[in-house]
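The values are calculated or read from the model by the stated rules, or taken from the named source; none is laboratory data. The structure displayed is predicted, hence computed values, not measured ones. Neighbour counts run over all protein chains shown; Cβ positions are idealised from the backbone, glycine included.
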Amino acid sequence: MRRGPVKMIIDDLLRAIVRGSIPYSEEQASREAPTRSLLDIYSPSNFRVAAKTALVAAMTVSPLVTQMDRFAPGVRFLAAVGVTFAPIQSIGETPDGVRFDFLVREGTVDGPALRGKVTAGSSDHMIIRPDGIGEIRVRAAIVAHDGARFEIDERGTIDFGEDGYKKALANDLPADSPFVICPRLLTGHRKYQWLNRLQCLGIGWTRLDEARVDYSLFAVTSRGPLNRAG
């Protein structure tokens, strides 16, 4: 194989160092030439670029992998959540999009896992992106019927359509729209600490003309692969 000019320079320099004709440090210059083991380690023949075909072969997926696993979700209903807001505040256009702020007036949580109230004054906001998608960001507090306290942290989206940004600028969003959120329930109460471990999903509907949202809260788990026997 023909050597390129850079490789020729490197090879010649290494040979010179090994022969001792070029000292590679002041200390080494006062010593004898390095042993043969150094030549074995730094031999020019070791400085080679792997062939392209070898790199491609290393990146090729094994033929034994013939299909991807599909997994089944496990879904458990936790509670129904309903929240009403004070008059919605339009903040207007920002570098991230058109922003709307929501202050909770009252809210209820009712289900087999949790019963309680969403505390008044909890704040939500939504930013409408230029593509018409509304990004929901919620930080709220819940007080359970037995006095336990929770923080709920939610993020999700609402699709207002391709003209959603234009409508948001004109304060003319649809009266109602479906949405999906991913809530996290956080508490230090020992009775409910199992809720801290859950990956939750909220599916619901906005009613902006009524300043209200309603959704069902689920815990989602993986039930394992569908396409494996046994």
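From the list Y165, Y192, which residue is closer than 24 Å to G116 by Cα and touching a residue at least 40 places away in the same chain (Cβ under 8 Å)?
After applying the criteria, what remains is Y192.
In the same structural domain as T84 (by TED's automatic domain parsing), surrounded by fewer than 19 Cβ atoms within 10 Å (Cβ to Cβ) and touching a helix residue (DSSP H, G or I) at 6+ places or on another chain (Cβ under 8 Å): does that describe P174?
Taking the combined requirement at face value, the residue satisfies it.
If the requirement is being in contact (Cβ under 8 Å) with a residue 40 or more places away in the chain, hydroxyl-bearing (S, T, Y) and either over 14 Å from I181 (Cβ atoms) or surrounded by 15 or more Cβ atoms within 10 Å (Cβ to Cβ) (or both), which of these qualifies: S90, S123?
S90
For segment 121-138, which positions are out of contact with any strand residue (DSSP E or B) (no Cβ under 6 Å at 6 or more places or on another chain) and modelled with pLDDT of 90 or more?
The answer is P130, D131, G132.
Just a yes or no: is a residue in segment 186-193 out of contact with any Phe, Trp or Tyr (no Cβ under 6 Å at 6 or more places or on another chain), closer than 20 Å to Q89 by Cα, in the same structural domain as D101 (by TED's automatic domain parsing) and surrounded by fewer than 14 Cβ atoms within 10 Å (Cβ to Cβ)?
Within segment 186-193, none of the residues are out of contact with any Phe, Trp or Tyr (no Cβ under 6 Å at 6 or more places or on another chain), closer than 20 Å to Q89 by Cα, in the same structural domain as D101 (by TED's automatic domain parsing) and surrounded by fewer than 14 Cβ atoms within 10 Å (Cβ to Cβ).
F100 passes all but one of (1) closer than 20 Å to D172 by Cβ; (2) at pLDDT 95 or above; which number fails?
Going through (1) closer than 20 Å to D172 by Cβ; (2) at pLDDT 95 or above one by one, F100 breaks only (2).
State all residues of segment 73-110 that are touching a strand residue (DSSP E or B) at 6+ places or on another chain (Cβ under 6 Å), of a type in the set (S, T, N, Q) and farther than 16 Å from L208 by Cβ; if no residue qualifies, say none.
Residue satisfying the conditions is T108 alone.
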